[in-house]
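Notes for the one structure printed next.
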Amino acid sequence: MKETPQYPYATHLNVYFPQLEIVDAPALIAACTDRWYNQTLCQVNDSVVRLGIMQGEYHWHKHEKEDEFFFVLDGHFIIDLEGRSVDLAPRQGFVVPKGVMHRTRAPEKAVILMVESVGIVPTGDAK
């Protein structure tokens, strides 16, 4: 039987802020002690908005059926694609289309928002 790989990421898929509540991202950012943290903030229709607080490197993966949108709030964030890298500064965003192999990196602490389908598995289908 094939084992599911274990990743050193704090990934929380629960919706932290229900509808009609203020989304207090600064409080979550201030309380974070993980080097790679992913928390679903809220759900909007069939999509979720996730907060990422990251330092280091994620693994190569892809999502066969879902696009991913990354938006940098603070820090320096890099998205590696096969053949090129996209370097994002604060207030810049980028969409990785479904089926595209990618890896994200943050040389120093970065804070990002991600918008993606509610059913997406953040670790993707890593190979």
Which is open to solvent by 20 Å² or more (accessible area, probe 1.4 Å), over 17 Å from ASP125 (Cβ atoms) and touching a strand residue (DSSP E or B) at 6+ places or on another chain (Cβ under 8 Å), of ASP46, ASP67, ASP24?
ASP46
Restricting to region 45-62, count the residues that are touching a residue at least 24 places away in the same chain (Cβ under 8 Å), more than 19 Å from ALA106 (Cβ to Cβ) and more than 12 Å from the chain's Cα centre (by Cα).
3
All-but-one check, PRO18 against (1) crowded, with 18+ Cβ neighbours inside 10 Å; (2) within 21 Å of VAL118 (Cα to Cα), failing number (1)
Among GLY75, GLY83, GLY56, GLY99, which is among the small types (Gly, Ala, Ser) and surrounded by 16 or more Cβ atoms within 10 Å (Cβ to Cβ)?
GLY75
Hey, does region 116-127 have a residue that's part of a strand (DSSP E or B) and in contact with a Ser or Thr (Cβ under 8 Å, 6 or more places away or on another chain)?
yes
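Go through region 102-116 and report how many residues are open to solvent by 40 Å² or more (accessible area, probe 1.4 Å) and under 12 Å from the mean Cα position of the chain (by Cα).
Within region 102-116, the subset open to solvent by 40 Å² or more (accessible area, probe 1.4 Å) is 103, 105, 107-109, 113, 115.
Applying the additional criterion that residues be under 12 Å from the mean Cα position of the chain (by Cα) yields 103, 105, 113, 115.
Counting residues in region 102-116 that are open to solvent by 40 Å² or more (accessible area, probe 1.4 Å) and under 12 Å from the mean Cα position of the chain (by Cα) gives 4.
Can you find even one residue in region 71-84 that is part of a strand (DSSP E or B) and without any contact (Cβ under 8 Å) to a residue 12 or more places away in the chain?
The answer is yes; a qualifying residue exists.
The values are calculated or read from the model by the stated rules, or taken from the named source; none is laboratory data. Source: prediction; values computed, not measured. All Cβ positions, even for glycine, are placed from backbone atoms using ideal geometry, and neighbour counts span all protein chains on display. Areas reflect the complete protein model, heavy atoms only, side chains present, ligands, DNA and RNA absent. Shrake-Rupley method; radii C 1.70, N 1.55, O 1.52, S 1.80 Å.
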